[in-house]
Every structure is written in C-alpha cells, then in structure tokens.
Amino acid sequence: MAIVYNEKTGIFTLNTKNTTYQMAVDKYGTLLHQYYGIRILGEDLNSLFVKNDRGFSPNPHEAGIDRTYSLDTLLQEFSGYGDGDYRLPSICLVNGDGSYAFCGRVSGHRIYHGKYTVEKMPYLQEQDGDTVDTVEIYLTDKVTGVDVTLLYGVFEEKDVITRAVRITNHGTKKIVLEKAMSVMLDFIDSDYDFIHFGGRHAMEHEYHRQPVSYGIQSIGSTRGYSSHQHNPCAILCERGATEESGDCYGFILEYSGNFLCEVEKTQFRQMRLNMGIHSQQFRWNLEVGDVFHTPEVIMTYTDKGLTSLTHKFHDVLRSNLYRGKFMNQLRPVLLNSWEAVYFDFNEEKLLEIAKASLNMGTELFVVDDGWFTNRNSDRSGLGDWEVDLEKLPHGLGWLSEQVHQMGLKFGIWIEPEMVSQKSQLYKDHPNWAYMIPGRSPVQGREQLVLDLSREDVRDYLVEKMNHIIETSKADYVKWDANRHLCDVFSDRIYENRQGEILHRYILGLYDIMDRIILTHPNVLFEGCSGGGGRFDAGMLYYQPQIWGSDDTDAIARLKIQYGLSFVYPSQCIGSHVSVCPNHQTGRTVPLRTRAITAMHGTFGFELDPALLSEEEKTMCQEYAKIYKANAAIMLEGDYYRLSNPYEQNAYTAWMHVSKDKTKAVVSMVRTESQGNALIYYVKLKGLKNDAMYELQDGRRFSGAALRKYGLPITWDIKEYEAMQYYLHQVK
Ligand code: GLA
C-alpha cells in the first residue's frame, strides 16, 4: 500500500517510487501539510516547524491562549475561509445564514486500493501494471455541516499524485460556493521560479519563467475555454533548476474551461499554490444533500530537473488519461484541405488534391471547413450541418467512398458548439445561443456559442454529429471551436444560477464528447480551437491529439512546440507541413525544415499538392517514410529539449530516445545565420554512456562522447535549414 496512516501520530504518508507526500492531523483536527519531495523514511517532520506568536496572525478559539497557533502561518492541505488564514483560500462560500465561513476539521478518512473517480469530468485511470491507491480525507465544518472530501490518488510507479475535491452540503440550508479549488500546496519557502505557458491566437504556448515574488502571481482564463492566452498547467522549480537538476513541481489541471492558478509569496516568505476553476463569474448553488466535484489536478515532483518532470508527465498522460485505442498507435499521415483551398473548393478540386497526395505518402485526406451549406466564408453556415450540394453534388458519403477507393482514409471538420446567426438553427432556436436579454450579443467570427448547459441543445448536437460521422463514413474528425464565450446567460436556468453556466457549459461539452466520441471508437478525433486554444488535459481525455496552433510557420512552431513539450507528449501535438511563403508569417523555410518540425507532432500536410513540384512531392513522400520509420521512438520514447529557443537564437534542437535507449532521432534547425558562422555542437541526452551508437552515415560514437561533445550543426546548414541524425546502438 502506497498510503500509510499512523493512528498514533495522525500522519498520512503517501509514497511513490521516488517521492513522499506527508500530511498530519493536529490536535485540533486541522489537516496540516508536512512534506512533498524526494522520498523520506516516514519520519514525522512536525517538530521541524517553528511556531511563534506572530502579530496580526490570529488564533482559533480552540487554541485558547496559545498565541503561537495560527492558521495564518501553518502549512495546510485545504485552507478554510474566515478562520484567520489570510492567504489565498481553497474555498469561499456563503452559508445559509449569509455568513462567509468554512472551518474544516478532519472527521475521518478512507484508504483503499484503486483510483477514485470524478463524476462527469476527466480523470486519470489505473491501467494494467499500475499500482494506484486512494485516500479520501473528510473535513467537516461542525457549525454548517458542510463537508469537504480531499481525494488523493497515488500512482506509485509513475511518481504522480492526483488531487480533487468534493464538497457536500450536509447542512440544513442551501449554500453558495464562490470559489472551490482542486489543489492547494503550501511550501515552507519561496525561492522558486513560476513557469507557465501562454500567448495569443496563432502564437500560443510561449514559455514564461519568472521568479516567485512577494504578493500574488496568477495565470488563468475567464474566456470560457482554457484559452490560447494561458494553459492550465504550471511548474514551480527551484531558482537554479535546469533541464537536468533541481527541484521541480508540476501541476496539470484536467479541465477545458475557466481556470485559475495562483501563487502567493507570503509575509513569512512561504509559498502557496492554488489551482482550479476560476472564481470569476462562478457561483454554484448547493442545495441540501448536493455534491460539487472539482476537476482533477495531476501533480508530480522530481529533484532531477525539468526533463525528468516532462518524462513523468508524458508517461502518465500517454497511458492513464485517454481511453481510446489511438494514443500509442501510429497515426496516419494526413493531408488537410484548409490551407490548400480554404472555403474555395468543389468535388473535383478535393478529389484532385486527394489523388495528388497519394504520391506524398499521405494516408488520410481531411476535408476541413466549408463542406456544408452557406459556408463560403466564416460569416455564416454553422449550426445546420447539411452538406452543400452545390460544392459536393454527390454528398459526403460519395466523396468519402471515392477517397477510400484511392486507398486513403477520410476525415471531416466540425464545429458543433457554435451557431451562425445566419442559419436555420438560429432562426428556429435563437434562445439556444448565449445572449443576455435586452443586449445585442458580442460577435466572435460572426458566430455565437450554443448553450451546452441545455439538454435539448446537447441532444440535437449528438444526433447531428453522429449522423454526419456515420453518413460520411469518416475515419477522422477535427472538432473545432472558434470563439470564446460572452453574454453568458441561459434562459433555462433560474436567475440566481447564472453563475453556474460557465462550468455547466464544460460539463455539457464533456457530456456530448462522451456520447459522440465513445459511439465511434474507431474514429480518430483531433481537438482544435483556432489551433491550440483548448490544448488541455481535459480535452485529451476524449481526443488523443489537438491541433497545436493556426501558425504553421516552422520557425514559429519551434517555440510553440517547445512550450507544449514541457507537459504534452509529441503524439498529442497536431503539426503539419504547409506551403511557403507561410500564410501566417510570410516566411519562407525549406521543405526539409518544415517536415522535420512537423515530425515533432502528428506529422501531416496542409497544402495544395498542385503547388508542389514533382521533386517536392517525392521529398514529401520521403519525409513521410522517415516519420513512420521513427514514429515508435517518438510515440513511446522520451523527449529531450536540447536547447531553449528563448535563450539560444542561433538554433533549436530536440531529440526523442527510445525507452531502452538503443535508438534516437535528433532534430536541429539553424534559426539565425551568422557571418563566418560558429559551429554549434549540440550535446545529446538520454543515451547510455557506455554504449556505442552508429549514425546514418556509419560513423560510431559512444554515448559518453555524444553527451560530452554532441553532434554538430554542420557548416552547410544555413539559416532556417534543418538536419536530423538517426542513431542506433551497435554495442
Ligand atoms: C480554425 C482552425 C483551422 C481551420 C479553421 C476553419 O481556425 O484552427 O485549422 O480548421 O478553423 O475555419
């Protein structure tokens, strides 16, 4: 059992292979946080913590005249509200009598084998070979009867602990939750850097690293989705932590909606992290007997630096999150029509592209946006989901058959959550879209968002989408969402429940994805929200890959994919070769660089083959072959960042190494030309020092030499050019 409770001392010790997490119930029933770090020997650390009488840090009634006991200074697991702890709270609620207070004291616990579940939301699941144990700890407010259950899932071999919270109203009156965090983690010190990822549409997942400074720093989204602007994951690492060394704590929220991650450096230079649903516009009514479930957080710790943290996250996301068959399967090389033709196509043109793509190693042809009625631009058409028979007179099913007959799989694009005001659906059901009575709705790409908190809307979408997937005989579906939420008001919900809608929307989204995606276990789904606007572990529970960004420029993608790599494994990142000059940046980059960059993700093409020369098509075929030949290393192996593009302007390099360290693929791009250029030797990682590796040109070097000296970006590689080394162990 990875979880031990000591009755005498009241200590809970959670052990994974390399880490220990410790909590203690003190004499007043407060659940204290004692430790999270490298594995210890089970000792009680409580006597280490110095308690002083601190001015303006009040003492709870139970502590009597003991002025050294204050919830304002103790490390805790879940901070209450109105109990004298003035740091960031885990919960904020209005009780039936109007008071703002929650004072939770431990009232029991339960330890069991296996993993707890989270109702109607994503959560990590135990797989064959895993040892997973759970502890539930109950905190009760004796005055109101409100119960908080803290859930800890311990994935022993994976060095992962998951956290979630259930709040139950066991009182006699309705309560209203205004804040309910999934995880709180208190630290004894605060000399850490806060690493997080975010940017903007077409330049998301930028890497940000800032020292934790006095006060509160936060990232989050209030846009309805996890967003391009911030990603629901964070790392706290020791100031000097590098890829190879230093304490690192990582947190991933499995949620696709509004989120908040806040870090506070306190008056005594301690630190608190909170993560969960954003509290802005969140007001959840809990009637007597009702339970509120927070989304789950995946937590890991390592003392071995950022690469080790990445490997732990990649391993657990690859094996314990997504439930379908695709995650570790070789994905088909696709050709997507979007940047090839946008909305301007007909049957003939699509078939011409599909046919031409056969000589490029393509295995899946995807018809992106524009196949349905009134969709000649992004100004209309969403919601009705009828095939445009002017563009496709024989229908989608027929088109799909033609593509299948060429030996290709067939895919389509959908955007179920949206409606255009110029659509029949909107005419028939204007109240199905979010709008505030008396106000004209804010436009985003001239479309509105459907109210997924409504069951009738969800039923309509499930039926429509299932019908499209079935009649088009699709093997692949790209699920898009191209605006954020505004005017959030539902006419199905009573006035005082409007603060529930943003979360109910996400629950509704998870419900329809459950019903659509699980009905089609053989269909490969790819998530998308104007690129990576909803690139989160919540979506990855349903869909094994997400389009990384609308920016397909290989050089911009180096930074985007660098940011994603900290948490998300390569096979989750949609990445394609497009034409040059690039449609987003105007940059021209050699085809080889575009291909090598796309190999970091689910390799594919997004271009009109008619614009390629025969030689380029042959090159594409070659790259598709290389990708497939090495895909297993990338799908199952370990990922190493070999440079930081935010610090090193001259090149970007990364590598994938098979788990048994016998094979590796090293990718390098020169990102800046220099007069009399320097030779950069890129030091390799993850290889066995005492093994001999052979390169594709027959040269042999030991792992030790490759680690010490590395491999050069050769002289002939000019600005924006790329190269790859393939290594296999010979001795
Ligand atoms: C979004 C996606 C693109 C494309 C368009 C279609 O922007 O990110 O890849 O599918 O929608 O409208």
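The values are calculated or read from the model by the stated rules, or taken from the named source; none is laboratory data. Remember, it's a predicted structure, so these values are computed and weren't measured experimentally. A quick note on method: Cβ atoms are made from the backbone with ideal geometry, for glycine too, and the neighbour counts reach across all protein chains shown.
Structure summary
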| read-out | value |
| --- | --- |
| Residue list for the range 239-272, restricted to those being more than 24 Å from the chain's Cα centre (by Cα) and either crowded, with 19+ Cβ neighbours inside 10 Å or not assigned by TED's automatic domain parsing to the domain that holds residue 181 (or both) | 265, 266, 271 |
| Single residue of 345, 313 found to be free of Cβ contacts under 8 Å to residues at least 60 places away in the same chain, in contact with a Gly (Cβ under 7 Å, 6 or more places away or on another chain), of a type outside the set (Val, Ile, Thr) and buried (at least 20 other Cβ atoms within 10 Å of the Cβ) | 345 |
| Residue in the range 473-490 that is in contact with a Ser or Thr (Cβ under 8 Å, 6 or more places away or on another chain) and more than 30 Å from residue 392 (Cα to Cα) present | yes |
| Qualifying residue in the range 285-303 (condition: at negative phi, of a type in the set (Asp, Glu), touching a Phe, Trp or Tyr at 6+ places or on another chain (Cβ under 6 Å) and not assigned by TED's automatic domain parsing to the domain that holds residue 214) | no |
| Selection count, the range 424-449, where residues are under 19 Å from residue 374 (Cα atoms) and out of contact with any Pro (no Cβ under 8 Å at 6 or more places or on another chain) | 13 |
| Tally, over the range 529-547, of residues that are within 15 Å of the ligand (Cβ to nearest atom), over 15 Å from residue 229 (Cα atoms) and in a loop (DSSP other than H, G, I, E, B) | 1 |
| Members of the range 253-287 that are polar (S, T, N, Q) and farther than 27 Å from residue 95 by Cα | 256, 266, 267, 270 |
| Scope the range 517-528; condition of a type in the set (A, V, I, L, M) and either within 17 Å of residue 602 (Cα to Cα) or within 15 Å of the ligand (Cβ to nearest atom) (or both); matching residues | 523, 524 |
| Residue list for the range 575-607, restricted to those being more than 15 Å from the ligand (Cβ to nearest atom) and touching a strand residue (DSSP E or B) at 6+ places or on another chain (Cβ under 9 Å) | 589, 590, 591, 592, 593, 594, 595, 596, 597, 599, 600, 603 |
| Scope the range 385-407; condition in a loop (DSSP other than H, G, I, E, B) and either within 16 Å of the ligand (Cβ to nearest atom) or touching a Gly at 6+ places or on another chain (Cβ under 8 Å) (or both); matching residues | 385, 388, 389, 391 |
| Residue check, residue 451 touching a residue at least 60 places away in the same chain (Cβ under 8 Å), crowded, with 20+ Cβ neighbours inside 10 Å and among the acidic types (Asp, Glu) | no |
| Any hit, the range 21-28, residues being free of Cβ contacts under 8 Å to residues at least 12 places away in the same chain and in the same structural domain as residue 250 (by TED's automatic domain parsing) | yes |
| Failed condition for residue 617, given (1) touching a Lys or Arg at 6+ places or on another chain (Cβ under 9 Å); (2) surrounded by fewer than 24 Cβ atoms within 10 Å (Cβ to Cβ) | (1) |
| Selection from the range 467-514 of residues that are over 18 Å from the mean Cα position of the chain (by Cα), of a type in the set (A, V, I, L, M, F, W, C) and more than 16 Å from the ligand (Cβ to nearest atom) | 469, 485, 486, 488, 489, 493, 501, 502, 512 |
| Condition broken by residue 188, with the remaining ones in (1) closer than 25 Å to residue 295 by Cα; (2) more than 16 Å from the chain's Cα centre (by Cα) satisfied | (1) |
| Qualifying strands (runs of 3 or more DSSP E) (wholly inside the range 584-679; at least 2 residues being touching a Gly at 6+ places or on another chain (Cβ under 6 Å)) | 638-641, 651-657 |
| Helices (runs of 4 or more DSSP H) contained in the range 304-380 and holding at least 3 residues away from the ligand (no atom under 13 Å from the Cβ) | 305-320, 347-357 |
| Filter pass, residue 58 being buried (at least 18 other Cβ atoms within 10 Å of the Cβ) and not polar (S, T, N, Q) | no |
| When residues of the range 191-226 are limited to those that are of a type in the set (Ser, Thr, Tyr) and surrounded by fewer than 20 Cβ atoms within 10 Å (Cβ to Cβ), the one farthest from residue 75 (Cα to Cα) | 222 |
| Residue check for residue 565: within 14 Å of the ligand (Cβ to nearest atom), under 22 Å from residue 640 (Cα atoms) and in the same structural domain as residue 605 (by TED's automatic domain parsing) | no |
| Hey, residue 677 under 18 Å from residue 717 (Cα atoms) and modelled with pLDDT under 95 or not | yes |
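Here's the yes/no breakdown for (1) aliphatic (A, V, I, L, M); (2) under 30 Å from residue 707 (Cα atoms):
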| residue | (1), (2) |
| --- | --- |
| 230 | no, no |
| 248 | no, yes |
| 271 | yes, no |
| 280 | no, no |
